[in-house]
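The values are calculated or read from the model by the stated rules, or taken from the named source; none is laboratory data. All of these numbers come straight from a predicted model, not from anything done at the bench. Here Cβ is always computed from backbone atoms with ideal geometry, including for glycine, and neighbour counts include all displayed protein chains. SASA here: full protein model, heavy atoms, side chains in, ligands and nucleic acids out. Shrake-Rupley method; radii C 1.70, N 1.55, O 1.52, S 1.80 Å.
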Amino acid sequence: MSLRLANPRNAAAGTLKMQDSAIVAKRKLEAFLYFLYGEDLPFKTHWESLQAVKSWGFRVNDAARQCKDLEEVKDFINKWEHERHNLNFEIDGIVIKVNSYQHQRNLGFTAKSPRWAIAYKYKAETASTTLLDIEYQVGRTGAITPVAKLQPVALAGTTVRNASLHNADQIEKIGLRIGDTVFVEKGGEIIPKIVGVDLARRPENTAPVQYATHCPECGTDLVRNEGEAKHFCPNEDGCPPQIKGKIEHFAARKAMDIEGLGSETVELLYNNGLIKSIADIYDLTKEQVVQLDRMADKSAQNLIDGIASSKQIPFERVMFALGHTLCW
Ligand SMILES: [Zn+2]
């Protein structure tokens with residue numbers, strides 16, 4: 001089975017960090033080798049070393065080429081400007097390296113990088129589409145994130161429906177109006193961003209976007225602290241995503257480590273009115289839990305057992321678990 005992941009770099013990094021090597025093996029990670037490190041290597045050039053690496057059975061990118069001069073380098077860049085879309089992995093640019101090890105040694109390094117290698121980044125792809133609406137999402141800390149709802153448009157191999165807008169300042173800076181034709185750009189990020197407005201196509205009778213004044217989840221007046229970019233919903237104890245966020249943080253592995261109390265279960269328990277605060281977790285009974293949809297007898301028992309054993313967690317971890325909810 002082949003999966004197209006929204007962010008392969010995160011998926012690969014996350015997989016490598018996993019404790020269970022059996023799961024890591026199942027993910028079938030693959031890698032190209034781009035460089036051979038070692039002292040007194042029996043090669044004179046980078047190219048030779050890559051051929052050796054290949055002969056030892058490692059994967060080396062077949063697209064790599066030796067170029068004789070800058071003209072050939074430019075041709076290579078231009079060729080992949082278009083052909084990169086036919087690769088079955090994503091690239092955002094190419095790296096040009098000096099081939100001779102002797103020349104590499106002569107050139108040396110700056111404080112940050114080698115003088116014999118440089119990255120050429122392709123321009124991020126853009127598309128234009130219509131801004132249909134702006135929705136406001138409430139994070140687990142109460143931070144409000146505006147999200148642009150777009151007329152679906154094809155961009156860099158995916159269909160884009162949403163774009164991130166970060167905060168009120170950014171919306172003002174771009175001067176957005178609902179109905180505007182906007183330019184959307186997709187770099188290495190998962191969510192594309194709006195980089196500009198096509199003013200020539202602005203519909204008549206539109207007005208600049210007025211930022212939300214109330215929390216979309218609980219209706220509380222939003223606040224914005226001096227010097228902060230984001231608006232917040234201050235209703236910490238009554239705003240659903242914030243309450244659920246606190247409970248999830250409390251139950252997380254680094255905190256109380258309550259087996260079986262992940263985000264889906266918190267959602268389920270909260271939506272059914274069984275937990276409204278952290279304290280309610282400790283009043284849950286198996287009879288209550290097992291009545292819920294998608295809760296088999298075994299998972300209900302595991303949850304109750306997980307809650308019971310969390311009572312043994314050392315005090316400093318309890319403090320950490322509650323840390324999210326306290327202000328000091
Ligand atoms: Zn709220």
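Details
- Output for region 176-208, where each listed residue is touching a strand residue (DSSP E or B) at 6+ places or on another chain (Cβ under 6 Å) and either surrounded by fewer than 11 Cβ atoms within 10 Å (Cβ to Cβ) or more than 17 Å from Val153 (Cβ to Cβ) (or both): none
- Any pair with Cβ under 8 angstrom, 6 or more apart, that starts in region 86-114 at a residue that is in contact (Cβ under 8 Å) with a residue 12 or more places away in the chain and hydroxyl-bearing (Ser, Thr, Tyr) and ends at one that is loosely packed, with under 13 Cβ neighbours inside 10 Å and part of a loop (DSSP other than H, G, I, E, B): Ser100/Lys44; Tyr101/Leu41; Tyr101/Lys44
- In region 269-287, the residues that are closer than 21 Å to Pro240 by Cα and assigned to a helix (DSSP H, G or I): Leu269, Tyr270, Asn271, Ile278, Ala279, Asp280, Ile281, Tyr282, Asp283
- Total residues in region 198-220 satisfying the condition of being more than 16 Å from the ligand (Cβ to nearest atom), assigned to a loop (DSSP other than H, G, I, E, B) and more than 18 Å from Asn167 (Cβ to Cβ): the figure is 7.
- Some residue of region 313-323 being in a loop (DSSP other than H, G, I, E, B) and out of contact with any strand residue (DSSP E or B) (no Cβ under 8 Å at 6 or more places or on another chain): yes
- The residues on offer are Phe320, Phe232, Phe315, and the sole one that is within 28 Å of the chain's Cα centre (by Cα), farther than 17 Å from Gly142 by Cα and open to solvent by 30 Å² or more (accessible area, probe 1.4 Å) is Phe320.
- Of the strands (runs of 3 or more DSSP E) that lie entirely inside region 91-179, those containing 1 or more residues that are over 30 Å from Tyr34 (Cβ atoms) span 125-138, 144-155, 158-164.
- Once region 242-277 is narrowed to residues that are open to solvent by 40 Å² or more (accessible area, probe 1.4 Å) and of a type in the set (S, T, N, Q), the residue that is farthest from Ala143 (Cα to Cα) is Asn272.
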